[in-house]
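Encoded as structure tokens, the structure appears first; notes follow it.
FYI, it's all coordinate maths here, none of it is from the lab. All figures in this text were calculated on a predicted structure; none of them were measured in a lab.
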Amino acid sequence: MEGERTWTGDAGELVWYVSYGSNLSRTRFMAYLEGGRVAGNDVVYEGCKDTAPPVDDVALELPHSLYFAGWSRRVWGGTSAAFITLEARAPSALARAYLITRDQFAEVVRQENANLAAVDDFDAKVEEARRLGHSRMLATGFYRELIHCGERDGHPMLSFTGSRNRKDFAPPSAAYVRVIGTGLQECHGLSTTEVVDYLRDTPGIRGQLSHGQLAGIFGA
């Protein structure tokens, strides 16, 4: 894919970061690597020390369910956040995996948690998540739990979510839904109708945003 880099370093330095929320949009994800902001979001991101683009980028499905919960005033005009269940649960979440360095992954985690804390003992947390499915990697923040999603091409596939399956479901903002939908169209090739069908029954959206309201967010 255009904008990717050729990796010549140690293969052990690479991990797959598996995104299921706004980082489905590559433009939005690159703000975490390069710094800056993206349309619809007033937060200016610090970026990573290594601002190079991903080595690779693939679309996939996760055997965990997507839901929206909580509330943050700092992003997307105020919105709930996307999470996946800690355990495997149907329906599957559509995801996108970026092959990046371990240091980049750790810095993305820090920025996703409002720069409140950094990941310590990264290797130990990855190993525990590999054995148990997930591991607590931070003491605070929305996304405290590291999820091990298997391996691809010899590299661990890692995501993160809440430290428990939250029940405080809430609808996401239009700006947040729009960037997620744009990412789904971009990496999974979904039509607007398919995006709406995928999102409308997720906890947080179900019963809060109608089919027509979701379609209207995408101008349909």
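Between the amide H of His64 and those of Arg89, Ala93, distances stay under 5 Å, these residues lying 5 or more places away or on another chain, with hydrogens modeled in the peptide plane. In plain terms, the C-alpha convex hull of the stretch 1-115 casts an average shadow of 7.5 nm² when viewed from every direction. Comparing Cα centroids, the stretch 57-109 and the stretch 1-47 end up 13 angstrom apart.
Taking amide H positions as modeled 1.01 Å from N, with prolines and chain starts lacking one, the residues under 5 Å from Ser72 and 5 or more places away or on another chain are Thr79, Ser80. The radius of gyration of the Cα set in the chain, together with its Dmax, comes out at 16.3, 49 angstrom.
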